[in-house]
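First up is the structure itself, then whatever we jot down about it.
The values are calculated or read from the model by the stated rules, or taken from the named source; none is laboratory data. Keep in mind that this is a model prediction, so the values were computed, not measured. No Cβ is skipped: glycine too gets one built from the backbone with ideal geometry, and neighbour counts run over all protein chains shown.
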Amino acid sequence: MSERIVAVSGVGSGFGRAIAAAFISDGARVFGCDVDHAGLAAAQACGVEVASVDLSDRQGARGWIANIVANTGRLDVLVNNAGGVLGQAHRPFPEVEDADWDAIFAVNVHAAAALSQAAVARMALAGGGAIVNIASGASLKASLTGVQAYCAAKHAMLGLTRQLAQEFGTAGIRVNAVAPGFVITNEATQAQWHSYGEAGQAALIGRTALRRLGKPEDIAQAVLFLSSKNANFITGQILSVDGGQ
Ligand SMILES: NC(=O)c1ccc[n+]([C@@H]2O[C@H](COP(=O)([O-])OP(=O)(O)OC[C@H]3O[C@@H](n4cnc5c(N)ncnc54)[C@H](O)[C@@H]3O)[C@@H](O)[C@H]2O)c1
């Protein structure tokens, strides 16, 4: 990744931070955005060039990519990582409010689409690039979280991955997705893990072939691979990184 220009959304925490660190240790110049200022400061301390951007504003999302390109003249890799359940938990479906549904789609899907729109224009001019979307096991089956909008949004992200891979293959832009299994990354996922109780935790580990939970670094290495020349003939794919579930 030496001298590559990489943009990672949601670098303030969890996977985003680990992905940024993996690219930096491989020689890339990494730009990251988030809304969490403490998280941004921690990412900056790791060498990420940070910006405070609320990705639920599409124009702000596109503007962040435009600034990176104005600053460097290039963009080689985009990682659409920001997202998640945004603090929401399962509620019976009839009780889910529109605003909560929309908030999850805004960050997980609409922001990824807006960032990708801004990125492909520049990548196509340069003759290629790579986009990696952080999808989820919930892109392929029902979500452990029980949050309906999250599962629907992560399925949508898989559709975006496949469609953009078809559209931009001739421009040399590869578009893939990584589908992490459950990983403890923050207080919310810590609470989710506790909520399973001992029996639920043992059951989750028991149906994982490698018999452990994943770590953010496991996800980061898969993203690095899909962004690299080693994955030159791979596009439109979703790679499960879940220990074999
Ligand atoms: N942790 C897991 O078990 C797991 C499993 C599968 C998929 N994922 C996916 O991986 C990605 C990262 O998850 P994580 O566990 O590291 O979560 P996280 O909450 O630790 O990190 C997500 C980051 O995105 C940022 N973000 C949220 N809304 C934003 C907005 N409007 N504008 C800018 N930044 C915003 C948050 O501030 C946070 O720093 C998400 O897309 C999530 O859906 C996580």
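Checking 106, 99 one by one, the residue that is in contact with a helix residue (DSSP H, G or I) (Cβ under 9 Å, 6 or more places away or on another chain) and modelled with pLDDT of 95 or more is 106 and no other. Report yes if residue 201 is of a type in the set (S, T, N, Q), part of a helix (DSSP H, G or I) and at pLDDT below 95, otherwise no. Here the answer is no, as residue 201 does not meet what is asked.
Scanning region 123-161 for residues that are more than 10 Å from the ligand (Cβ to nearest atom) and touching a strand residue (DSSP E or B) at 6+ places or on another chain (Cβ under 8 Å) yields 123, 124, 128, 129, 130, 131, 132, 140, 158, 160, 161.
Any chance you could count how many residues in region 162-189 are within 13 Å of the ligand (Cβ to nearest atom) and at pLDDT 95 or above?
The qualifying residues number 9.
Of the residues 6, 50, the single one that is in a strand (DSSP E or B) and closer than 14 Å to residue 224 by Cβ is 6.
The condition of being surrounded by 13 or more Cβ atoms within 10 Å (Cβ to Cβ), out of contact with any Phe, Trp or Tyr (no Cβ under 6 Å at 6 or more places or on another chain) and within 26 Å of residue 234 (Cβ to Cβ) holds for only one of 185, 170, that being 185.
Is it the case that some residue within region 54-74 is in a strand (DSSP E or B), crowded, with 21+ Cβ neighbours inside 10 Å, at pLDDT 95 or above and within 15 Å of the ligand (Cβ to nearest atom)?
At the first step, the residues of region 54-74 found to be in a strand (DSSP E or B) are none.
Checked against the condition, which is being in a strand (DSSP E or B), crowded, with 21+ Cβ neighbours inside 10 Å, at pLDDT 95 or above and within 15 Å of the ligand (Cβ to nearest atom), region 54-74 yields no hits at all.
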